[in-house]
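Notes for the one structure printed next.
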Amino acid sequence: MNAQKHGTTGYGVWLRGGLAAAADVYAGTVNLVENAHRAIADTGAAVNPVNWPERAISGLSYASVRTIGGVSFAAARGLAGLTRDALPDDPASGGAWLALRSALNGAVGDHLEATGNELALPMAFVDAEGQTLADDDPRGLGPIAARPRLVLLVHGLGMNDRYWRHGDQPDFGERLAADHGYAALRLRYNSGRDIAANGAELAARLERLVAAWPAPLERVTAIGHSMGGLVLRAAIEAGRAAGHRWPRLLADLICLGSPHRGAPLERLGESLNRGLAWSRYTRAFHAIGDVRSAGVKNLRHGLVSTERDPASPTGCFLVAASLGRSDEDPIGRVLGDLLVTVDSAFDHPRALDDADVDGCVFYGMTHFALVHHDDVYLALTEWLAPRLDAPMPRHQINS
């Protein structure tokens with residue numbers, strides 16, 4: 001089987017990646033303390049006769065601290081490099097470590113990638129057993145690659161492919177495989193990267209996957225949860241712009257709680273962070289709030305697009321959740337599903353009054369229940385079933 005286990009992270013990866021991250025935190029902390037110190041010292045600089053000598057001495061001290069710390073961490077990373085082939089994976093705690101690594105990627109994944117940190121998650125297609133497809137080769141799926149239908153599940157911020165599973169119950173991909181004959185794959189990716197960058201990479205990987213599919217592939221269905229829906233939309237636009245074949249096979253796009261109009265919590269966080277820049281005494285702490293990843297910042301406004309090409313996908317199904325019990329419940333209106341409001345989940349470039357766009361709201365449900373709840377699966381299969389019985393438009397299959 002042309003696949004590899006990617007559900008665990010080796011001790012060595014955590015040691016080396018953790019040391020690199022600790023070095024970055026150390027340097028950032030020194031900068032923060034120096035900037036705060038300087039802001040306070042500059043307040044009385046005009047009447048302080050030793051201001052310039054103090055500035056020179058403190059500057060030299062902070063530079064020494066940086067140098068000592070940098071040398072120490074460099075030496076530690078050099079020693080940790082010797083563990084590359086010595087420390088084994090920890091299969092017993094793979095799920096927990098993967099969850100921690102995914103959360104770290106959601107928070108600062110763009111920085112991990114930019115600095116070459118081994119903890120940055122590479123994008124990969126993953127099957128139900130946690131096996132990744134080597135080189136996006138569908139032959140790693142075995143006999144199910146002979147199926148003419150493919151469904152791809154794309155997780156949200158700080159999550160991974162295992163979040164689609166609830167306990168020991170089959171996930172949506174496995175259920176669609178059993179009920180409707182799909183070959184199911186999940187995407188695992190660094191959700192701290194810019195959404196457009198993840199979309200472009202996904203588009204290229206899907207083109208390779210579809211081109212190498214062993215059997216004639218007739219239909220692709222994509223399901224994105226939260227940020228995953230925005231990544232899919234970015235991939236569709238990137239694929240069309242590149243002239244890829246796979247967008248013409250994409251028949252169904254399902255977005256579960258995707259913040260098309262943005263997430264209010266990120267807008268609030270940005271407002272609070274901007275407030276820290278107003279005062280010279282708090283300005284140094286502004287850098288802490290600004291550390292959050294590009295992926296998180298993207299959620300401030302969602303994915304703005306004017307794309308309305310009806311050729312692909314042929315249908316969209318938008319799903320929202322609300323803590324409220326009805327449209328008029330103020331709890332739901334204000335909090336939505338805790339992270340995304342109903343209006344944002346329904347604000348898609350192709351309006352809901354289009355014939356090929358449908359949607360539904362689940363009341364009394366949280367954002368995270370959308371990935372596994374039986375009622376959500378029932379709704380999406382009720383929407384999919386009649387579409388699966390209808391033939392794909394010939395211009396989509398042959399063009």
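For this structure, a couple of remarks:
- Every listed requirement among (1) modelled with pLDDT under 95; (2) outside any loop (DSSP other than H, G, I, E, B); (3) within 23 Å of the chain's Cα centre (by Cα) is met by Met159 save one, (2).
- Every residue from the range 167-213 that is basic (Lys, Arg), within 21 Å of Ile144 (Cα to Cα) and either under 12 Å from the mean Cα position of the chain (by Cα) or open to solvent by 10 Å² or more (accessible area, probe 1.4 Å) (or both): Arg175, Arg188, Arg205, Arg208
- Matching residues in the range 177-211 - criterion: being of a type in the set (Ser, Thr, Tyr) and either assigned to a strand (DSSP E or B) or touching a Pro at 6+ places or on another chain (Cβ under 9 Å) (or both): Tyr182, Tyr189
- Residues of the range 316-339 that are charged (D, E, K, R) and buried (at least 20 other Cβ atoms within 10 Å of the Cβ): Asp337 alone.
- Counted residues, the range 115-127 - those being at pLDDT below 90 and at negative phi: 4
- Single match in Gly158, Gly130 (criterion: open to solvent by 10 Å² or more (accessible area, probe 1.4 Å), of a type outside the set (D, E, K, R) and at positive phi): Gly158
- Some residue of the range 79-92 being assigned to a helix (DSSP H, G or I), over 26 Å from His166 (Cα atoms) and modelled with pLDDT of 85 or more: no
The values are calculated or read from the model by the stated rules, or taken from the named source; none is laboratory data. It should be emphasised that the depicted structure is a prediction, and the values quoted were computed from it without experimental measurement. Note that each Cβ is placed from the backbone with ideal geometry, even for glycine, and that neighbours are counted across all protein chains shown. In case anyone asks, the SASA skips ligands and DNA or RNA and just uses the protein heavy atoms, side chains included. Shrake-Rupley method; radii C 1.70, N 1.55, O 1.52, S 1.80 Å.
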